[in-house]
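Engineer: Handing you this structure, nothing more for now.
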Amino acid sequence: MLVLNAEQIRPLATMPALIECLRAAFAAEWVVPVRQVVSSPGGDGDRLLVSMPAFSPEGGGVVKLATVFPDNPAHGRPTVQAAILVFSDAGKPVALLDGTFVTLLRTGAASALASTYLSRTNSAHLVIIGTGALAPHMAAAHCAARPISRVSVCGRRRERARETASVIRSVVDSHVEVLVPESVEDTVGVADIVSCCTSSALPVLAGKWLRPGTFVDLVGSFSPTKREADDDVMRSSRVFVDTLQGTLSEAGDVIDPIERGVIDRNCIEGELADLVRGHVTGRRSDDEIIVFKAVGTAIEDLAAAQLIVSATSDGGVGQNAQGLAAMPDVIPHGF
């Protein structure tokens, strides 16, 4: 069996290739059973084990097992850790991948794919709210999809934001200016794209800060009890999601305002697959504010795994990653 760690995966899954791989995946008719979530002992009783399978029509597929341990960042470990087992069409296990790293990659790629339909084509200023492990990957992904020339990094702790900004500088083109602004509100007010990747239970983004035409990317929260955007964001925006099933069971940014009557269930205009297949229209004007809410789907894991495993035939496995931008695999959540 092929076993690949993060350093071996890194050169096999470039962001532009992964974005296009996901585009093809969301256009395909893959089988994605409902994920299973069970409680895991320890911590404050909020630890989870998540099982996420996905299969191609031919029978090949993946199963990702992920642990969600909210107490990990206090010990310098990621909140989410995972492994991905890849099966052939004959049901044979053929590869074991570092699922933690793959999850970071494909999460960024999915948002970048959504951005190609929902953000303005000339988007140049990206704001990242959050300083955890996902932040550098979100920056790299959005920079791969749009002509970003400035990235502003916002977090509760300026020192952590500066550390994250330093990592982001190493993974984006040299012409991209990476800053840590004084004011989140003022920075969001001049942004083209705002990507929230926090573990906050309370909103970190206010609708009153947004200017017309902003694309809002919400990826940090995957719990019905947590939110990154306030009611004004949701009320003033067109809303798209990665999957409807996942959103209505896990996304507090959508579930909470629907339950309180702030927005209607019908405000969700479509899934990422609908955008890719042309079933719904993405951005219609330069003035509308659009939200993309993602909680993740095993389709993305399967697409990423296929790209990575197929790339091994090109001799990439085992080659070192010198000369490539090195993202740390462990950056404690900071927001």
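The values are calculated or read from the model by the stated rules, or taken from the named source; none is laboratory data. What you see is a predicted model, and the numbers here were worked out from it, not measured in a lab. Here the Cβ is made from the backbone with ideal geometry for all residues, glycine too, and neighbour counts use every protein chain on show.
Engineer: Contact list please: Cβ distance under 7 Å, first residue in the range 73-92 and more than 17 Å from Asp301 (Cα to Cα), second residue among the aromatic types (Phe, Trp, Tyr) and in a strand (DSSP E or B), pairs at least six apart or on different chains.
Structural biologist: none
Engineer: Could you list all residues from the range 11-65 that are of a type in the set (Lys, Arg) and in contact with a helix residue (DSSP H, G or I) (Cβ under 8 Å, 6 or more places away or on another chain)?
Structural biologist: Matches in the range 11-65: Arg23, Arg35, Lys64.
Engineer: Starting from the range 146-158, keep only residues that are closer than 17 Å to Pro16 by Cα, then list their pairs with residues that are of a type in the set (Gly, Ala, Ser) and surrounded by 22 or more Cβ atoms within 10 Å (Cβ to Cβ) whose Cβ atoms are within a distance under 7 Å, requiring at least 6 positions of separation or different chains.
Structural biologist: Arg146/Ser115; Arg146/Ser119
Engineer: Further, regarding this structure: In the list Asp253, Asp287, which residue meets the criterion of being farther than 19 Å from Ala112 by Cβ, in a loop (DSSP other than H, G, I, E, B), touching a residue at least 40 places away in the same chain (Cβ under 8 Å) and not basic (Lys, Arg)?
Structural biologist: None of the others qualify; the one that does is Asp287.
Engineer: Looking at the range 61-71, which of the residues that are free of Cβ contacts under 8 Å to residues at least 40 places away in the same chain and not in a strand (DSSP E or B) is farthest from Ala305 (Cα to Cα)?
Structural biologist: Asp71
Engineer: Of the residues Ala139, Ala124, Ala135, Ala82, only one is under 19 Å from Cys21 (Cβ atoms), at pLDDT 95 or above and either surrounded by fewer than 24 Cβ atoms within 10 Å (Cβ to Cβ) or among the aliphatic types (A, V, I, L, M) (or both); which?
Structural biologist: Ala82
Engineer: Further question: Where the second residue is outside any loop (DSSP other than H, G, I, E, B) and the first is at positive phi and lies in the range 230-242, which pairs have Cβ atoms under 6 Å and are six or more apart or on separate chains?
Structural biologist: From the range 230-242, no pairs qualify.
Engineer: Please count how many residues of the range 238-258 are farther than 22 Å from Ser199 by Cβ and not aliphatic (A, V, I, L, M).
Structural biologist: Counting residues in the range 238-258 that are farther than 22 Å from Ser199 by Cβ and not aliphatic (A, V, I, L, M) gives 3.
Engineer: Moving on. Among Ser199, Ser195, which is the only one that is under 19 Å from Arg156 (Cβ atoms), hydroxyl-bearing (Ser, Thr, Tyr) and at pLDDT 95 or above?
Structural biologist: Going through Ser199, Ser195 in turn, the sole match is Ser195.
Engineer: Further question: Going residue by residue through the range 134-146, is there one that turns out to be within 19 Å of Gly189 (Cα to Cα) and either of a type in the set (Phe, Trp, Tyr) or in contact with a Phe, Trp or Tyr (Cβ under 7 Å, 6 or more places away or on another chain) (or both)?
Structural biologist: Within the range 134-146, not a single residue is within 19 Å of Gly189 (Cα to Cα) and either of a type in the set (Phe, Trp, Tyr) or in contact with a Phe, Trp or Tyr (Cβ under 7 Å, 6 or more places away or on another chain) (or both).
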